[in-house]
Amino acid sequence: MNRPNPAPRASSRASSEPGAAAPAAAWTQHKERSSLLMLRVMSWLSLRLGRRLSRPLVYAIAAYFVCFAPTARRASRDYLKRVLPRKPTPLDGFKQVLAFASTIHDRAYLINDRFDLFQFRAEGEAPMRAVLAKNRGAFLIGAHLGSFEALSAVGRCMTGTRATMLMFEENARKINQTLAAINPRATADIIGMGNVDSMLNVRQRLDEGGMVGMLADRTPGNEATLLLPFLGGYAAFPIGPFRLAALMARPVLFMAGIYEGGNRYFSHFELIADFSELSDAPAAQRTAAIHAAIARYAAILEKHCRATPYNWFNFFDFWSPAPTLAQVHSAAPPPEETA
């Protein structure tokens with residue numbers, strides 16, 4: 001498969017022009033029936049059988065989806081070709097789906113505060129505590145990488161603060177329905193974008209010194225994106241989450257809750273940018289800071305994908321539609337940050 005060589009810097013794009021609205025993203029064309037079905041089945045089994053007895057069934061369910069989800073299987077193979085230092089095998093694809101199924105299996109216990117069942121380790125406590133010490137809140141920006149529930153559990157133990165997730169309205173509705181069956185209290189931790197009072201709720205959580213989490217590796221396709229080199233190709237990353245953080249002048253930390261097998265999880269927090277001083281900055285300076293933050297986010301995400309390749313849970317063509325070379329070369333790179 002021919003792909004353009006990665007450029008040394010980020011390139012901004014939404015469709016063919018910076019700042020324009022992009023067409024519908026590939027993942028929105030699918031109803032993700034497999035993900036929702038797996039979520040419901042694993043939650044039911046987890047709560048009724050317990051983790052030890054239901055754990056072997058995770059393997060059978062993972063094997064089922066590897067065999068009967070051809071679109072996800074092709075997307076997985078393309079991703080693994082990019083991230084592994086060798087040609088991927090069917091076993092690699094199974095390991096990726098197994099990691100996904102394992103995080104879903106563990107979700108029921110983590111949501112019900114059964115932290116005693118797991119072994120956690122964390123990295124990045126110092127930068128998180130430094131940010132939260134200012135008592136102005138912070139944005140945690142992650143990806144469909146690993147487990148947010150494990151990440152949230154570690155964050156609460158480290159800081160005593162519960163993160164609120166900001167999601168697309170449809171995703172929030174589906175997840176709320178599922179979480180309500182597991183633990184009704186969990187629905188209070190999600191804010192759906194699109195409501196009249198969504199941004200007011202976000203600002204309130206931040207003003208209270210809380211954390212607001214967002215996933216910034218997907219866009220529904222109707223917002224501006226930044227075209228960046230990522231895992232040997234070019235991918236469009238949404239600008240919206242970082243624009244919101246800049247608008248509210250808050251720090252942004254990268255978050256990842258990596259599944260390490262068995263009952264082990266590793267949580268990583270890393271400062272991406274601090275927009276606290278941008279409230280009165282000129283528009284050009286704010287835009288440059290936003291673009292630099294997204295480029296840093298993509299670089300950190302790529303690092304984690306290469307280090308823990310089976311934790312990537314975007315089972316669709318992440319690099320579609322591929323940009324033309326003309327679009328890549330004509331896109332203007334964001335200005336360099338000065339020391």
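Side notes on the structure shown:
- Among (1) part of a helix (DSSP H, G or I); (2) open to solvent by 20 Å² or more (accessible area, probe 1.4 Å); (3) under 21 Å from Trp312 (Cα atoms) - the single one Arg52 does not satisfy: (3)
- So Ala72, is it of a type in the set (Gly, Ala, Ser), under 26 Å from Phe316 (Cα atoms) and open to solvent by less than 70 Å² (accessible area, probe 1.4 Å): yes
- So Leu271, is it open to solvent by less than 30 Å² (accessible area, probe 1.4 Å) and modelled with pLDDT of 90 or more: no
- Pick from the range 103-133, criterion in a helix (DSSP H, G or I) and in contact with a strand residue (DSSP E or B) (Cβ under 6 Å, 6 or more places away or on another chain), ranking: nearest to Ala60 (Cα to Cα): Thr103
Here's the yes/no breakdown for (1) more than 18 Å from Gly137 (Cα to Cα); (2) of a type in the set (S, T, N, Q); (3) buried (at least 17 other Cβ atoms within 10 Å of the Cβ); (4) modelled with pLDDT under 80:
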site	(1), (2), (3), (4)
Met165	no, no, yes, no
Ile175	yes, no, yes, yes
Pro184	yes, no, no, yes
Asp197	yes, no, no, no
Leu200	no, no, no, no
Gln204	no, yes, no, no
Gly221	yes, no, yes, yes
Thr225	yes, yes, yes, no
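- Answer residue from the range 282-292, given it is in contact with a helix residue (DSSP H, G or I) (Cβ under 8 Å, 6 or more places away or on another chain) and not charged (D, E, K, R) and is least open to solvent (accessible area, probe 1.4 Å) among those: Ile290
- Against the conditions (1) under 21 Å from Ala150 (Cα atoms); (2) open to solvent by less than 20 Å² (accessible area, probe 1.4 Å), Val83 satisfies every one except (1).
- Residue check for Ala295: open to solvent by 20 Å² or more (accessible area, probe 1.4 Å), aliphatic (A, V, I, L, M) and in contact (Cβ under 8 Å) with a residue 12 or more places away in the chain: yes
- Only one of the numbered conditions (1) open to solvent by 30 Å² or more (accessible area, probe 1.4 Å); (2) at pLDDT 90 or above is not met by Leu57, and that is (2).
- Test result for Gly233, of a type in the set (Gly, Ala, Ser) and in contact with a Pro (Cβ under 9 Å, 6 or more places away or on another chain): yes
- Restricted to the range 265-286, and to residues there that are among the aromatic types (Phe, Trp, Tyr) and assigned to a strand (DSSP E or B), the residue that is farthest from Gly240 (Cα to Cα) is Tyr265.
- Residue satisfying all of: in the range 34-46; surrounded by 15 or more Cβ atoms within 10 Å (Cβ to Cβ) and either more than 22 Å from the chain's Cα centre (by Cα) or of a type in the set (Ser, Thr, Tyr) (or both); modelled with the lowest pLDDT among these: Ser34
- Search result, residues across the range 134-155 that are closer than 15 Å to Arg205 by Cα and either in a helix (DSSP H, G or I) or not aromatic (Phe, Trp, Tyr) (or both): Lys134, Asn135, Arg136, Gly137, Ala138, Leu140
Conditions (1) free of Cβ contacts under 8 Å to residues at least 12 places away in the same chain; (2) assigned to a strand (DSSP E or B); (3) of a type in the set (Val, Ile, Thr), marked per residue:
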{"site": "Glu223", "(1), (2), (3)": "no, no, no"}
{"site": "Leu228", "(1), (2), (3)": "no, yes, no"}
{"site": "Ala236", "(1), (2), (3)": "no, yes, no"}
{"site": "Ala246", "(1), (2), (3)": "no, no, no"}
{"site": "Phe254", "(1), (2), (3)": "no, yes, no"}
{"site": "Ile258", "(1), (2), (3)": "no, yes, yes"}
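The values are calculated or read from the model by the stated rules, or taken from the named source; none is laboratory data. Everything numeric in this text was worked out from a predicted model, so none of it was measured. FYI the Cβ positions are ideal-geometry reconstructions off the backbone, even for glycines, and counts take in every protein chain you see. All accessible areas refer to the heavy atoms of the entire protein, side chains included, with ligands and DNA or RNA removed. Shrake-Rupley method; radii C 1.70, N 1.55, O 1.52, S 1.80 Å.
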